[in-house]
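Report on one structure; see the data block that follows.
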Amino acid sequence: MGRLHLAPQALVCKNTILEGDIRIGNGTVVHIDASIIAKNGPIIIGTNNIISDRVKIVNNHTTPLVIGDNNQIETDAVIEGRGIGHKNVVQVRGKVVGTSTLGNNCVVGVMCETDPSENVPDNTILFGNPQSRRTRSDNNAEYLEVHNKHLQYVHEMLPRYNAIIGAE
């Protein structure tokens, strides 16, 4: 059996699946029907992340799977790689797979996925069908402002309509 550690300002819906050694940081939101499963090693989720409904985060590795700060992981996305940095967006049905890692300020587009053993560099955008990639040419300065407004809204609305797990 693992243990769950929720920071005081973390917001986690009761009908999520939480298994193994999991740490969820301040301000992070985990929506309904998300699954966070630490099979072989711990999962450490940083601050101010938004983990949407039906997201699946699984650590199949013995080393910690670390998710940085200010990430948005959208509906039906899958995180099974070794970790992701800060200020990333994994869009609907996007996947970080195998032993791959995602740098900072990246986007994994709708239904796109990392190569199984890839270390995706900072500022990379994976998009399209067939899948392509490019490097961001902007500094994505507006991201945090919009992300923080989204977080504020979710922190206000989610507890009104969902049962929430209390912090330790």
Q | Pair list, Cβ under 6 Å, 6 or more apart: the range 129-155 residue on the phi > 0 side of the Ramachandran plot and surrounded by 11 or more Cβ atoms within 10 Å (Cβ to Cβ), other residue assigned to a loop (DSSP other than H, G, I, E, B) and at pLDDT 90 or above | A | 140/105
**Q.** Filtered residues of the range 29-38 (kept if open to solvent by 20 Å² or more (accessible area, probe 1.4 Å) and either among the basic types (Lys, Arg) or in a loop (DSSP other than H, G, I, E, B) (or both))
**A.** 31, 32, 33
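Somewhere in the range 156-168, is a residue of a type in the set (A, V, I, L, M) and under 12 Å from the mean Cα position of the chain (by Cα)?
no
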Q) residue 137 versus (1) hydroxyl-bearing (Ser, Thr, Tyr); (2) at pLDDT 95 or above; (3) more than 23 Å from residue 57 (Cα to Cα): which is the lone unmet condition? A) (2)
Q.
Quick test of your reading of the structure: residue 125 fulfils all but one of (1) assigned to a loop (DSSP other than H, G, I, E, B); (2) touching a strand residue (DSSP E or B) at 6+ places or on another chain (Cβ under 7 Å). Name the failing condition by number.
A. (1)
Q. List pairs: first in the range 115-127 and within 8 Å of residue 103 (Cα to Cα), second open to solvent by less than 70 Å² (accessible area, probe 1.4 Å) and β-branched (Val, Ile, Thr), Cβ under 7 Å, 6+ apart or cross-chain?
A. 119/101; 120/101; 120/114
(Q) Return the pair list, or none, for Cβ contacts closer than 7 Å from residues in the range 68-83 that are in contact (Cβ under 8 Å) with a residue 40 or more places away in the chain and within 16 Å of residue 23 (Cα to Cα) to residues that are among the aliphatic types (A, V, I, L, M) and in a loop (DSSP other than H, G, I, E, B), at least 6 apart or on different chains. (A) none
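To keep it simple, each residue is scored yes or no on (1) in a loop (DSSP other than H, G, I, E, B); (2) acidic (Asp, Glu); (3) closer than 26 Å to residue 156 by Cα; (4) open to solvent by 20 Å² or more (accessible area, probe 1.4 Å).
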residue: 8; (1), (2), (3), (4): yes, no, yes, yes
residue: 27; (1), (2), (3), (4): yes, no, yes, no
residue: 40; (1), (2), (3), (4): yes, no, no, yes
residue: 58; (1), (2), (3), (4): no, no, no, no
residue: 70; (1), (2), (3), (4): yes, no, yes, yes
residue: 81; (1), (2), (3), (4): yes, no, no, no
residue: 87; (1), (2), (3), (4): yes, no, yes, yes
residue: 110; (1), (2), (3), (4): yes, no, no, yes
residue: 116; (1), (2), (3), (4): yes, no, no, yes
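The values are calculated or read from the model by the stated rules, or taken from the named source; none is laboratory data. All values derive from a computational prediction rather than experimental measurement. FYI the Cβ positions are ideal-geometry reconstructions off the backbone, even for glycines, and counts take in every protein chain you see. Note: accessible area is taken over every heavy atom of the protein model, side chains too, but ligands, DNA and RNA are not part of it. Shrake-Rupley method; radii C 1.70, N 1.55, O 1.52, S 1.80 Å.
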